[in-house]
Amino acid sequence: MSMHEVKGQEVMNRVKVQRMCLSGVFAAVIFVFTAYFHIPSHTGYTHVGDGFIYLAACLLPTPYAVFAGSVGAMLADCLSGYALWAPGTVAIKAVAVLFFSSKRSRIVCARNLLALLPAWAVCIGGYYLYESLITWNFAAPLAGIPGYVTQSALSTILFILLGSIFDKMKIKEMLS
């Protein structure tokens, strides 16, 4: 292996470690803003943790963002008395991440703003469907939809606000 190849490998390893660390930080932030800053609603709770999931999806490559969103939200469910929701949460948050792009130069761009729509649909519809499956009732879970809509709306506001601030700070440039 040449010296040039060794240096290239070192850079690749450094980037992977940075991404793993940032994924862990995002998982922790998602956990905190989901588990501790929430309002009980219907059979679960309403929170703004999804806003940080959207940010992670815009800053990290997809596998890292899926990890951060799924693990952070799952830990929030498991450690705040809602472990029954954890399997659904892992799947729903993993899919919600897929609509965003970390390949744009800005966090708040047309592509990522449009990604909010299918992310909302996955979160609202996913939790409705999951609750329907665990309760074997398709009518009662309709009562949870206003909480899911509120959660998605508040998370969107947080995402746009923090994303705009991060864009002004040129966070994406710092991470590349």
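Please treat every number below as a calculation from the coordinates, not as lab data. Given the structure is predicted, the values throughout are model-derived calculations rather than measurements. Here Cβ is always computed from backbone atoms with ideal geometry, including for glycine, and neighbour counts include all displayed protein chains.
Annotations for the structure displayed:
- Equivalent ellipsoid semi-axes, the chain, via Cα gyration tensor eigenvalues times 5, rooted, Å: 32, 17, 13
- GNM remark for the chain: springs join alpha carbons under 10 Å apart, and the peak mean-square fluctuation among Met20, Met12, Met74 falls on Met12.
- Pairs of Lys in the chain closer than 21 Å at Cα, counting only those 8 or more apart or on different chains: 8
- Globularity index of segment 106-169, i.e. its alpha-carbon radius of gyration over 2.2 N^0.38 Å: 1.38
- Relative contact order of the chain, defined on C-alpha pairs under 8 angstrom at six or more residues apart (%): 23 percent
- Just checking the listed ones, Ser102, Ser132, Ser70: in the Gaussian network model of the chain with Cα springs under 10 Å, the one fluctuating most is Ser132.
- Tilt relative to the chain, helix 110-135 - C-alpha long axis, 0 to 90 degrees, to 10: 40 degrees
- Summing +1 for each Lys or Arg and -1 for each Asp or Glu among the other residues whose beta-carbon sits under 13 angstrom from that of Glu173 gives +4.
- For the residues Val71, Val48, Val15, a GNM of the chain with alpha-carbon springs under 10 Å puts the largest fluctuation on Val15.
- Order of Val108, Val17 - criterion: other Cβ atoms within 10 Å of each residue's Cβ, fewest first: Val17, Val108
- Evaluated with a Cβ-only charge set (Lys, Arg +1; Asp, Glu -1), the chain carries a dipole of roughly 620 debye about its Cα centre, given to the nearest 20.
- Between Ala140 and Val17, the modelled label-to-label distance comes to 5.1 nm, taking each label 7 Å out from Cα in the direction of the beta carbon.
- Estimated purely from DSSP H runs of n ≥ 4, each contributing -39500 (n - 2.57), the mean residue ellipticity at 222 nm for the chain is -25000 deg cm²/dmol once divided by its residues.
- Counting every C-alpha pair in segment 76-119, the share spaced more than 12 angstrom apart comes to 64%.
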